[in-house]
Structure formats: structure tokens, C-alpha cells
Ligand code: GAR
């Protein structure tokens, strides 16, 4: 089974869905550690309930972004992950960090990328008059939310939706999309090549964006 380290900053519901998927012995990956930049992240106690070791790296404990990432990279090295899953990790990783784990870092973003990268995505989707919204699991590259898509899932935008309404609806499909993307990647059915997501074999072609 592939070793996964999940990064969180908040409630960790996506990480929990990954941990639930990994609880199936037939799933091709396991979460070996959860890293957070926020000591108060609700996901930390949820990870502990799964028996997953947690590591917290509060940004304020370090004098610079470099020093912060260095500490994270040191512990990551010890964990020997095959895959890093960003799951609501609200910090941009440096190019140096990403190149160390090139093609092995996945992220989930609550929009249909390349539309609405960055923060406040649901408000912007509503203001743009979108009738559908959704989520994207993608490979992480240096540009924010720019890496190639692995799985996407869509939901309707309903009249009168607030950004919170839409976020909750999108989250329900995030919870299905991330385990699917992790499974495809861990099984070697999709990989990043020349900045694109390449599907290996025809069987999953229809399900991978
Ligand atoms: C999710 O909606 C995730 O897509 C989003 O944060 C939420 C985390 O929820 N991520 C981003 O906005 C990344 N830029 P969770 O902690 O319950 O998984």
C-alpha cells in the first residue's frame, strides 16, 4: 500500500473520507500521518480517532516561510510518503517543496478548475452567474491551483444559494472525488507527465478529467 501524508488546516472532512477509504484493506493506500499548520484544526482529533499520528507546525513558531517548510520537509522525509494529499491545507507550498515531491502531491479545490482558483471561490462562482459548480482533485504544481486535473465532480448552483450553501453542496462531492482520485493515482492509473495528467490504460478514461 502506498504511504500517504495528508496536510490539513481545518475541519479535515476530506482527510476523514480518505482515512475511511484507506480503512478498506483492498484500498491501495494508507494514511501514515496527518500534518497541520494550525494547532486548533478540528481534523487533528479526527485523525487521532483513526489512530493516525499527527504533527503540527504552527507558522508563528518559525522565523520565515523557508524555516517553516524546512521543518515540515524534515518530518516528511522521516515519514517516507509515496503521496502527499493536501486536504484543506490553506498555505501555498514553495517551488522547492513541490519539486522535492514532483508529481506526487495532490490537492482538492472547491471549484471546477481552471475556473475560480484561489480563495472565496464559491462567492465568485455565484457572482459570475454560474449554473454549475463543483470540485477538482489535481496534481500540485507551482502555480496556485494550476496543476492538471485528475477528477472533477459537478453540482448545480441553485437560485438564492449563499456561498455557504454552495460550499456545503460542493463538499458532498469532494468527499467522493478525493478517494477516487487517490485510488486512481495509488494504482498507477493516472500520473503527471509534462505538466499533464496522463491516464494509463483505457479502463478509467471516462472517469478522469
Ligand atoms: C474543502 O472544501 C477544500 O476543497 C477547501 O477547503 C475545504 C476543507 O474542508 N480547500 C481549499 O479551498 C484549498 N484552496 P475540510 O477541512 O473539511 O476537508
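Computed from the coordinates by the stated procedures, all read-outs in this text should not be read as laboratory data. Quantities reported herein were computed from a predicted structural model and do not represent experimental measurements. Methodologically, a virtual Cβ is constructed for each residue, glycine included, from the backbone with ideal geometry; neighbour enumeration extends over all protein chains shown.
Going by C-beta contacts inside 10 Å, put 170, 155, 200 in order with the fewest on the left. Intermediate results must be reported in sequence, preceding the final value.
Working: 170 25, 155 18, 200 15.
Fewest to most other Cβ atoms nearby, the residues stand as 200, 155, 170.
For the chain, what is the mean residue ellipticity at 222 nm derived from helices alone (per DSSP H run of n ≥ 4: -39500 (n - 2.57); sum divided by total residues; nearest 500 deg cm²/dmol)?
-10000 deg cm²/dmol
Which of rounded, prolate or oblate describes region 80-135 when judged by the alpha-carbon gyration tensor and an a/c cut-off of 1.5? Spell out each step's value before the answer.
Values: a/c = 3.13, a/b = 2.53, b/c = 1.24.
Note, shape of region 80-135 comes out prolate.
Among 186, 167, 21, which one shows the biggest mean-square fluctuation in a GNM of the chain, springs joining Cα atoms closer than 10 Å?
In the Gaussian network model the winner is 167.
Rounded, prolate or oblate for the chain? Axes are the square roots of the Cα gyration tensor eigenvalues, ordered a ≥ b ≥ c, and the cut-off for rounded is a/c under 1.5.
Working: a/c = 1.44, a/b = 1.20, b/c = 1.20.
Note, shape of the chain comes out rounded.
In what order do 126, 31, 72 fall by count of nearby beta-carbon atoms within 10 Å, going from fewest to most?
Numbers: 126 17, 31 26, 72 20.
Placing the least packed residue first, the sequence is 126, 72, 31.
Which distance in Å, rounded to a whole number, links the C-alpha centroids of region 13-38 and region 113-183?
Here the answer is 21 Å between Cα centres.
From a point 7 Å beyond the Cα of residue 193 in the direction of its Cβ, which residues of region 144-159 have a backbone N at a distance under 19 Å?
Inside the label zone: 147-151.
Please state, to two decimals, what the Cα-based radius of gyration of region 96-170 comes to when divided by 2.2 N^0.38 Å (N = residues). Don't jump to the answer; show the numbers that get you there.
Numbers: Rg = 13.3 Å, N = 75, 2.2 N^0.38 = 11.3 Å.
In units of the 2.2 N^0.38 Å rule of thumb, it is 1.17.
Once the Cβ-Cβ distance between residue 48 and residue 162 is put in as r, and R0 is 45 Å, what FRET efficiency do you end up with, to the nearest 0.05?
Values: r = 33 Å, r/R0 = 0.72.
Here the calculated transfer efficiency is 0.85.
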